[in-house]
1. Looking only at segment 94-109, how many residues end up being in contact (Cβ under 8 Å) with a residue 40 or more places away in the chain and surrounded by fewer than 21 Cβ atoms within 10 Å (Cβ to Cβ)?
2. Out of Arg356, Arg311, Arg370, Arg324, I need the residue that is in a loop (DSSP other than H, G, I, E, B) and modelled with pLDDT of 95 or more. Which one?
3. Restricting to segment 116-126, and then to whatever is buried (at least 20 other Cβ atoms within 10 Å of the Cβ) and not acidic (Asp, Glu), can you tell me which residue is farthest from the chain's Cα centre (by Cα)?
4. Pairs needed: first member in segment 201-212, under 17 Å from Glu34 (Cα atoms); second member anywhere, in a helix (DSSP H, G or I) and near the ligand (Cβ under 10 Å from one of its atoms); C-beta distance under 6 Å; at least 6 residues apart or different chains.
5. Kindly indicate the residue of segment 178-218 that is loosely packed, with under 14 Cβ neighbours inside 10 Å and over 29 Å from Leu151 (Cβ atoms) and also modelled with the lowest pLDDT among those meeting that condition.
6. Within segment 66-75, does at least one residue satisfy the condition of being within 20 Å of the chain's Cα centre (by Cα), crowded, with 18+ Cβ neighbours inside 10 Å and of a type outside the set (S, T, N, Q)?
7. Hey, does segment 221-233 have a residue that's more than 30 Å from Gln54 (Cβ to Cβ) and of a type in the set (Asp, Glu)?
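The values are calculated or read from the model by the stated rules, or taken from the named source; none is laboratory data. Bear in mind that the values here come from a model prediction, so they are computed numbers and not experimental data. No Cβ is skipped: glycine too gets one built from the backbone with ideal geometry, and neighbour counts run over all protein chains shown.
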Amino acid sequence: MELPTPTTSRPTPGQLTFRAPRRGKPPRHLADFEPAERKGVVESLGHQGFRAKQLSTHYFERLVADPEEMTDLPKAVRSELVHDLLPTLLTPVVRRQADDGQTMKYAWRLHDGAIVESVLMRYPGRVTICISSQAGCGMNCPFCATGQAGLTRNLSTAEIVEQVVWAARALRHGELAGGDAGDQEAPLRVSNVVFMGMGEALANYKAAVGAIRRLTDPAPDGLGMSARGLTMSTVGLVPAIDKLAAEGIPVTLALSLHAPDDELRDELVPINTRWKVDEALDAARRYFEATGRRVSIEYALIRDINDQGWRADLLGEKLNARGRGWVHVNPIPLNPTPGSKWTASRPGVEQNFVERLRAHGIPTTIRDTRGQDIDGACGQLAAATA
Ligand code: SAH
C-alpha cells in the first residue's frame, strides 16, 4: 500500500503555474485540486490532459494507491504522475483496535512529523470515520486533550481527504470486524464522516470545505458520498457557520455548546468571549433555515460543572425560543483527560439532564463513546501518541 517516497522534487517544464511544495507545506496532491483544475495541472506537468481523469478514477473510485495497479498508464508516466500528484501524505504510526475490532484508531505522521489521528467505527448498517482537520487545535477548551496541546498547523485538503480514502481502503481489505450477520453481506463503505477529531475545521475553512467537496463530488471526481452523512462540528465560529450555510452542501452542523449561559461557556469554550451563546445559537438556527438540516448541539456532561437541572431547562428554553423541530441535543459523558480536575456526571444526573430536555420537547440522545480504552474517544486524540 505504501507509495514510493519522493526523493527529489521533479523540475516542472515550461512556464508553470504550479510550484513545487515549499518547505513546510504538505506535498501537492490530486485531492487538493477542483476537478476542473486537474487537467491543467496534469498538462503543466508535461502530460496529456486526459491522464487527470485516469488518475482521479484510480484515487477516488478504485481507491488504488499502488502504481503497479494503474495499468492503463504507461509505466514511466505512472511513476511520474504518482510522484507528482499522489505523494504519500499519511504514514501510519499507530493502529489500535477496540470494541472487538469494530473500532480502529489510526495515528498518522504527516510529511513534517506532525501527528494526527482518525477513528473508524462500525455500527449496524453504517461506518463512521472521525477525522482531524488540524494538527492540534487553537480553541483551547480546557476539558479537551487536543485543546491543551495548542495548534501546530492546518491540514491541507488532501491530508483531510486521505484519512477517508485510507479508511475506505481499510474497509475494502476487511480491516474492520463486526456487524451483525445480515450486515456482513452488505458491501462495506464509509457512510459517515464527522469532523470531530483534532482541530477546529471552520478555522481551516478553505481546506475543510475543499475536503467536503472532494468527499461529496460524484466519482470519479470525488468519493461520491452523500452530504447527509457528513457532520461539521464547531465551537461556534459564527461568520464561518454563515459562510458554510451558503456553500450549498447540506452537511449536518454540530455546535459544541457545553453550557447554555455565557458565564460558564466563557470558561469551557473560550471562543465564547468572542461569539456569545445567543449569537452561536442564532447562527445554528440560520444554518437550519438555509440547509433544512437539523442541527446537533454537543454537550459534554461534566460533574457538578454544567450538569445542573436548571442548565438543562435554560438550554431547552433557549432552543425553543428559536423554533421547534430544528435541533436535537447530544449529551456525552465527559471523557476525563489525564490530569483533569473534571470528570463525567453521575449516571442519575445524566439521566435527569436528558429527561429535563425531553420535557421541553427537545429530542435528546446520549452519544455513545467508542474506543475509550484506546484513547480513541472524544477529546483524547493524540495526547497519548506523542
Ligand atoms: N473543534 C470541533 C471538533 C472538536 S472534537 C468542536 O469543538 O466541535 C468533537 C467534540 O468532542 C466537540 O463537541 C468537543 O467539545 C468534544 N470533546 C472534546 N473533548 C472532550 C472530552 N474530553 N469529553 C467529551 N467530549 C469532548
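1. Residues flagged as in contact (Cβ under 8 Å) with a residue 40 or more places away in the chain and surrounded by fewer than 21 Cβ atoms within 10 Å (Cβ to Cβ) within segment 94-109 amount to 8.
2. Just one listed residue meets the conditions, Arg324.
3. At the first step, the residues of segment 116-126 found to be buried (at least 20 other Cβ atoms within 10 Å of the Cβ) are 116-122.
Filter once more, keeping what is not acidic (Asp, Glu): 116, 118-122.
Details: Val116: 11, Ser118: 8, Val119: 10, Leu120: 11, Met121: 13, Arg122: 16 Å.
So the residue we want is Arg122.
4. Ala208/Ala201
5. To start, the set of residues in segment 178-218 that are loosely packed, with under 14 Cβ neighbours inside 10 Å comprises 180-182, 184-187, 206, 218.
Applying the additional criterion that residues be over 29 Å from Leu151 (Cβ atoms) yields 180-182, 184-187, 218.
Numbers: Asp180: 47, Ala181: 42, Gly182: 46, Gln184: 54, Glu185: 50, Ala186: 52, Pro187: 54, Pro218: 98.
Filtering segment 178-218 for residues that are loosely packed, with under 14 Cβ neighbours inside 10 Å and over 29 Å from Leu151 (Cβ atoms), the one modelled with the lowest pLDDT comes out as Ala181.
6. Looking through segment 66-75, none of the residues is within 20 Å of the chain's Cα centre (by Cα), crowded, with 18+ Cβ neighbours inside 10 Å and of a type outside the set (S, T, N, Q).
7. Within segment 221-233 (the criterion being more than 30 Å from Gln54 (Cβ to Cβ) and of a type in the set (Asp, Glu)), the answer is no, since none of the residues qualifies.
Residue-by-condition table, conditions (1) in contact with a Ser or Thr (Cβ under 7 Å, 6 or more places away or on another chain); (2) surrounded by 19 or more Cβ atoms within 10 Å (Cβ to Cβ):
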| position | (1), (2) |
| --- | --- |
| Ala300 | no, yes |
| Asp313 | no, no |
| Gly323 | no, no |
| Val329 | yes, yes |
| Asn335 | yes, yes |
| Arg358 | yes, no |
